[in-house]
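The values are calculated or read from the model by the stated rules, or taken from the named source; none is laboratory data. Bear in mind that the values here come from a model prediction, so they are computed numbers and not experimental data. Quick reminder, even Gly has a Cβ in these numbers, built from the backbone with ideal geometry, and neighbours come from all protein chains shown. Just so you know, the surface numbers come from the protein's heavy atoms only, side chains and all, with ligands and any DNA or RNA stripped out. Shrake-Rupley method; radii C 1.70, N 1.55, O 1.52, S 1.80 Å.
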Amino acid sequence: MFDLIIRNANLPDGRTGVDIAVEGATIAAVEPQIGALARTEIDATGRLVTPPFVDPHFHMDATLSLGLPRMNVSGTLLEGISLWGELRPLLTKEALVERALRYCDLAVSQGLLFIRSHVDTSDPRLVTVEAMIEVREKVKPYIDLQLVAFPQDGYYRAENGVASLNRALDMGIDIVGGIPHFERTMDDGRASVEALCRIAADRGLPVDMHCDETDDPLSRHIETLSAQTVRFGLQGRVAGSHLTSMHSMDNYYVSKLIPLMAEAKINVIPNPLINIMLQGRHDSYPKRRGLTRVRELMDAGLNVSFGHDCVMDPWYSMGSGDMLEVGHMAIHVAQMAGLEDKKKIFDAITVNSAKTMGLEGYGLEKGCNADLVILQAADPLEALRLKPTRLGVIRRGKVIARSMPRIAELSLDGRPARIDSGRDYVPLS
């Protein structure tokens, strides 16, 4: 007698008609037609069952603050940073916690159960840090939340930036962050990368830096980050987020850079929604896409995962907490529309992101944590196309969210009365 069995599931690796048995908080068996009974059984009816979605790059301290204290009229990155600077003195711990918890409710409904959030440390009050640490504890039963000490205004550039980041780490922040391209000079940026990697090595912490989030092809802090990663023995523990300058770099230079990144085992985190929205703003036509070289980085064996980055905040007025929306955009912007391409895109919002975050027990094999999402889609390709309903979200063997299937009722003479967008709206063989 198992606690839960999900029957007749399709898995991301292509297996179909599979049963998943859960005992306690752990997957006990994954095989066809499990003969045992369970206290609870769910018929997946040939739908996709996947491990939960993972967002390795987000800003939870800013989420749902759209319009405070005013709107970003230009929609640019720099106005967003300026606007956040206006809002920051007005922030209270209570409001930060309330907005973050509301976003976490949305995330659960979307099957998003693992999030890494950058937390601004530029205000010496560190109210953002206090609030996000409280949120991390409150959501622990249903979301694994990692926190990055992020010097939004620059590690050296911000007044008290160095001391504030160190205090944030002392308070219990998990990861060392940075933003070298926002320092006053390239030399300051390089120095900040070295200093922050040294801190991470001394404290035994991972690193996740906003790196080269610019169209400037001469912004090459990812080179420094890769070299310092090797110098301090941090291979596999460092992430470079955004890396948008790589789309403008000289191809010969990139032919040297990517092998250096591979040697350092850098985790790469593009943010397709935000990158396509904010980059290329100084271009007329042709206008650059703003996304880093996803295909080339994947082909070189680097671990590439995608982040949502923002939802309804000073930088991005849209967003839904749906990592499939992120993957959907990546397919278009990276021009990765082939069958194998799409499978890689799905991996980038699941298993690759889990690797970036260093998650243990993540997956769909016996012995993994019983964290599962049932989608109203047959396979990963259909899921990326439709961004379908999450029929069920399971955390450690317990159903924590349910949704009814999305079914349209039609009143058309001679046509079907109901349409399931996943099952019925597909090419006929």
> If Met186 satisfies every condition in (1) buried (at least 24 other Cβ atoms within 10 Å of the Cβ); (2) among the aliphatic types (A, V, I, L, M); (3) over 24 Å from Val97 (Cα atoms) but one, which is the exception?
Replying inline: (1)
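From the list Gly307, Gly290, exactly one residue is on the phi < 0 side of the Ramachandran plot, assigned to a loop (DSSP other than H, G, I, E, B) and buried (at least 20 other Cβ atoms within 10 Å of the Cβ). Which is it?
Details: Gly290 fails: on the phi < 0 side of the Ramachandran plot.
Residue meeting the stated conditions: Gly307.
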> Can you pull out the residues in region 118-160 that are polar (S, T, N, Q) and in a loop (DSSP other than H, G, I, E, B)?
Replying inline: Thr121, Ser122, Gln152, Asn160
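Among the residues of region 82-105, which ones are open to solvent by less than 40 Å² (accessible area, probe 1.4 Å) and in contact with an Asp or Glu (Cβ under 8 Å, 6 or more places away or on another chain)?
First, the residues of region 82-105 that are open to solvent by less than 40 Å² (accessible area, probe 1.4 Å): 83-85, 87-88, 91, 95-97, 99-100, 103-104.
Once the filter is applied, which keeps residues that are open to solvent by less than 40 Å² (accessible area, probe 1.4 Å) and in contact with an Asp or Glu (Cβ under 8 Å, 6 or more places away or on another chain), region 82-105 yields Trp84, Gly85, Arg88, Leu91, Leu96, Val97, Ala100.
Go through region 55-71 and count every residue that is of a type outside the set (Ser, Thr, Tyr), within 26 Å of Ala239 (Cβ to Cβ) and either open to solvent by 10 Å² or more (accessible area, probe 1.4 Å) or in contact with an Asp or Glu (Cβ under 9 Å, 6 or more places away or on another chain) (or both).
Filtering region 55-71 for residues of a type outside the set (Ser, Thr, Tyr) gives 55-62, 64, 66-71.
Now narrow it down to the ones that are within 26 Å of Ala239 (Cβ to Cβ): 55-62, 64.
Still in the running and either open to solvent by 10 Å² or more (accessible area, probe 1.4 Å) or in contact with an Asp or Glu (Cβ under 9 Å, 6 or more places away or on another chain) (or both): 55-59, 61-62, 64.
Looking only at that region, the number is 8.
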>> Here are the criteria: (1) in contact with a strand residue (DSSP E or B) (Cβ under 8 Å, 6 or more places away or on another chain); (2) over 29 Å from Arg289 (Cβ atoms). Tell me which single one Asp187 does not satisfy.
In response: (1)
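Go over the candidates Leu381, Leu412, Leu359 one by one and state the one that is of a type in the set (A, V, I, L, M) and either touching a helix residue (DSSP H, G or I) at 6+ places or on another chain (Cβ under 8 Å) or within 23 Å of Glu31 (Cβ to Cβ) (or both).
Numbers: Leu412 fails: either touching a helix residue (DSSP H, G or I) at 6+ places or on another chain (Cβ under 8 Å) or within 23 Å of Glu31 (Cβ to Cβ) (or both); Leu359 fails: either touching a helix residue (DSSP H, G or I) at 6+ places or on another chain (Cβ under 8 Å) or within 23 Å of Glu31 (Cβ to Cβ) (or both).
Residue meeting the stated conditions: Leu381.
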> Does Gly75 fit the bill of being surrounded by 14 or more Cβ atoms within 10 Å (Cβ to Cβ), out of contact with any Lys or Arg (no Cβ under 9 Å at 6 or more places or on another chain) and among the small types (Gly, Ala, Ser)?
Replying inline: no
>> So, Lys343, is that one touching a helix residue (DSSP H, G or I) at 6+ places or on another chain (Cβ under 8 Å) and open to solvent by 10 Å² or more (accessible area, probe 1.4 Å) or not?
In response: yes
> Which of (1) hydrophobic (A, V, I, L, M, F, W, C); (2) outside any helix (DSSP H, G or I); (3) under 30 Å from Gln376 (Cβ atoms); (4) open to solvent by 10 Å² or more (accessible area, probe 1.4 Å) does Ile115 not meet, given it meets every other one?
Replying inline: (4)
> Which of the residues that make up region 189-219 are in a loop (DSSP other than H, G, I, E, B) and open to solvent by 10 Å² or more (accessible area, probe 1.4 Å)?
Replying inline: Gly204, Leu205, Pro206, Glu213, Thr214, Asp215, Asp216, Pro217, Leu218
> Restricting attention to region 42-61, which residues are closer than 30 Å to Val207 by Cβ, outside any strand (DSSP E or B) and among the aliphatic types (A, V, I, L, M)?
Replying inline: Met60
> What single numbered condition from (1) out of contact with any strand residue (DSSP E or B) (no Cβ under 8 Å at 6 or more places or on another chain); (2) modelled with pLDDT of 95 or more; (3) closer than 19 Å to Ala9 by Cβ; (4) open to solvent by 40 Å² or more (accessible area, probe 1.4 Å) fails to hold for Arg423?
Replying inline: (2)
>> One residue is enough: does region 220-229 have a residue meeting the conditions surrounded by fewer than 16 Cβ atoms within 10 Å (Cβ to Cβ), more than 19 Å from the chain's Cα centre (by Cα), closer than 24 Å to Val119 by Cβ and in contact (Cβ under 8 Å) with a residue 12 or more places away in the chain?
In response: no
> Of all residues in region 1-40, which are within 28 Å of the chain's Cα centre (by Cα), open to solvent by 50 Å² or more (accessible area, probe 1.4 Å) and over 19 Å from Arg396 (Cα atoms)?
Replying inline: Asp13, Gly14, Arg15, Thr16
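Would you confirm, using the coordinates I've provided, whether Arg281 is modelled with pLDDT under 95 and either of a type in the set (Ser, Thr, Tyr) or over 21 Å from Val207 (Cβ atoms) (or both)?
Numbers: modelled with pLDDT under 95: yes; either of a type in the set (Ser, Thr, Tyr) or over 21 Å from Val207 (Cβ atoms) (or both): yes.
Yes: the conditions hold for Arg281.
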>> Here are the criteria: (1) of a type in the set (Val, Ile, Thr); (2) under 15 Å from Leu11 (Cα atoms); (3) loosely packed, with under 15 Cβ neighbours inside 10 Å. Tell me which single one Val351 does not satisfy.
In response: (3)
